[in-house]
């Protein structure tokens, strides 16, 4: 992680620095709050990052034992743990979100990669994540696949915060802009 001086310099240049990592110990130890206080303005996560956090630490052992005893399915366990961490991280960054009037202070959670090519499932899962996280400073990451474009439109038209990921061409970028702008137009009708 950059020094606090480097973080302040980035902020002076109008940059918002996000941490591409989430882990329960980072939150519970106060380290994430310390990084926020030094100038970090957001956090992003995805299922791969989170899987590494779960498998590479003992942070989640107690919660997982309880979930196994409750006979929860592995996928349900993973998403429940992810949502809990995203909520906790969003709470850490809520003062930034409030102070900047929603310009910074976001925490991002990605829909599962197995549904990236299914519009309806992407929309349904994005709704699920918004409903579960229940924080104004949570963004749901939606991949810019062809099937993700209608989901982008749908979520923007409902006023949901989203983070569009996996844009690999100028043509796809233009399609994302069209979905975004069309969603805003529908939202404001």
Output the relative contact order of the chain, whole-number percent, from Cα pairs under 8 angstrom with separation of 6+ residues. 16 percent
Can you give me the relative contact order of segment 7-110 as a percent, contacts being Cα pairs under 8 Å and 6 or more apart? 33 percent
Quick check on the exposure proxy: order 139, 67 from fewest to most C-beta atoms within 10 angstrom. 67, 139
Packing-ranked peptide list from 98-104, 37-43, highest mean Cβ count within 10 angstrom first, is 37-43, 98-104
If each residue's Cβ is checked for other Cβ atoms within 10 Å, how do 168, 93 rank with the fewest at the top? 168, 93
Express in % the proportion of alpha carbon pairs of segment 7-110 at distances exceeding 22 Å. 33 percent
Taking neighbour Cβ counts within 10 Å as the exposure measure, how do 78, 187 sort from fewest upward? 187, 78
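Laboratory data are not the source of any read-out in this text; all were calculated from the coordinates shown. The structure presented is a predicted model; accordingly, all values stated were derived computationally and were not measured. Reconstructed Cβ throughout: ideal geometry from the backbone, glycine too, with neighbour counts over all protein chains shown.
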